[in-house]
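K.L.:
Have a look at the structure that comes next, please.
Every read-out reported here was derived from the displayed coordinates using simple, explicitly stated rules and does not represent laboratory data. All values reported here derive from a predicted model rather than from experimental measurement. We place every Cβ from the backbone using ideal geometry, glycine too, and count neighbours over all the protein chains shown.
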Amino acid sequence: MKPTNSRSISNFADLGEVYAQAIASPDYARAFATDGAYSQLTISDEPTSADMPEPFAAQQCVQAMIGELFCLMNDTRMQPIAQRIAWGIVNSFHVVARQIESQEDSAAQALGELARITDTGEIHATELEEKQMLCQSLAEVREAVECMRDHAGEVYRAEAGHPFSALRGSRVSSALTASQIDARDFLASRAKARREQLAPTGPVIVISGGQEWADHERIWARLDLLKIRVPSMTLATTAQGKGVDAIAAAWAASREVPLIAFRLNRAHGNAAPFKRNKLLTDLQPVEAIICEGSGVQANLAERMRAAGVPVTIFHREEVQPGTRRAA
């Protein structure tokens with residue numbers, strides 16, 4: 001083959017790579033699609049026909065926002081600060097998404113009240129259309145902000161080595177469905193989508209352990225085996241910020257497994273951990289992984305066994321330098 005032909009093929013390969021880089025991911029393309037001819041985010045605003053931001057530009061903006069921050073501070077005396085600033089950026093997307101969701105819920109409630117009125121007059125019909133436009137517009141913008149938040153969280157995980165975890169509220173996302181025809185259909189489909197995200201229907205695996213736990217290999221290996229056996233699994237943790245729960249959260253993020261974080265309800269005082277153990281047992285999990293920790297983990301193991309749940313116990317072991325634990 002002539003050198004010129006080889007060069008031509010190389011150019012075609014380069015062109016394909018450039019093209020792949022120049023298009024947005026499917027998540028961005030879906031989230032930033034313009035579904036309606038008009039958008040309106042508050043009752044006081046006039047409807048606008050402006051487009052959504054360009055998907056690939058939004059994707060690149062988020063990538064640069066988080067990635068460049070780490071590049072700037074890595075190998076400098078400010079490196080330990082990079083994670084804190086980046087977490088704040090990701091959390092700001094999360095907070096705004098929750099604010100928009102709250103507005104959306106209020107709009108949906110108002111829409112539901114209008115939909116129950118049997119008045120067929122023109123004024124009522126116009127008001128119903130306006131409320132539905134408001135609800136749809138807020139859902140559209142929330143989807144875009146959630147997409148940016150999830151992407152920012154993935155960049156954060158890649159750079160920081162552990163997943164982003166919000167201090168408050170669930171972090172759920174959804175793909176927009178086709179535009180609805182009737183207000184009642186719109187409300188029903190929206191409620192169903194959010195319920196499924198906030199209450200995953202797959203079999204539950206529970207994991208809990210001490211905060212002083214660095215051995216991730218046994219945990220990841222066991223969870224990988226369970227994922228093969230239970231592909232639709234949901235992982236439930238005791239929501240500690242380090243140790244076993246942090247290892248499990250990192251695994252769930254890397255495998256795209258839904259995770260339910262059971263935080264302590266401080267209103268129960270000293271009984272809070274044991275109340276939480278009861279809630280975890282009430283989930284009727286198909287298996288539990290308990291890593292050595294405190295009396296809380298011992299109590300959880302006892303509850304699981306009493307409920308007939310298979311329990312895998314991992315003990316903390318001393319490892320000699322240069323050796324590895326068996327899973």
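K.L.:
Between the DSSP loop rule and a limit of at most 14 other Cβ atoms within 10 Å, which GluC sites (Glu not before Pro) in the stretch 243-304 are left?
P.N.:
Glu256
K.L.:
At q = 0.22, 0.23 Å⁻¹, what log₁₀ I(q)/I(0) does a Debye calculation on the Cα points of the stretch 204-314 give, no solvent, two decimals?
P.N.:
-1.27, -1.40
K.L.:
On to the next question. If Lys and Arg each add +1 and Asp and Glu each add -1, what is the summed charge of the other residues whose beta carbon sits under 10 Å from the beta carbon of Thr34?
P.N.:
Every neighbour counted, the sum reads -3.
K.L.:
Can you give the charge dipole size of the stretch 204-314 about its Cα centre, rounded to the nearest 20 debye, using +1 on the beta carbon of Lys and Arg and -1 on the beta carbon of Asp and Glu?
P.N.:
For the stretch 204-314, the charge dipole is close to 320 debye.
K.L.:
So if we plug the beta-carbon distance of His216 and Gln99 into 1/(1 + (r/R0)^6) with R0 = 41 Å, what FRET efficiency do we get, rounded to 0.05?
P.N.:
0.70
K.L.:
Considering only the other residues whose Cβ falls under 14 Å of the Cβ of Phe274, what net charge follows from Lys and Arg at +1 and Asp and Glu at -1?
P.N.:
In short, +3.
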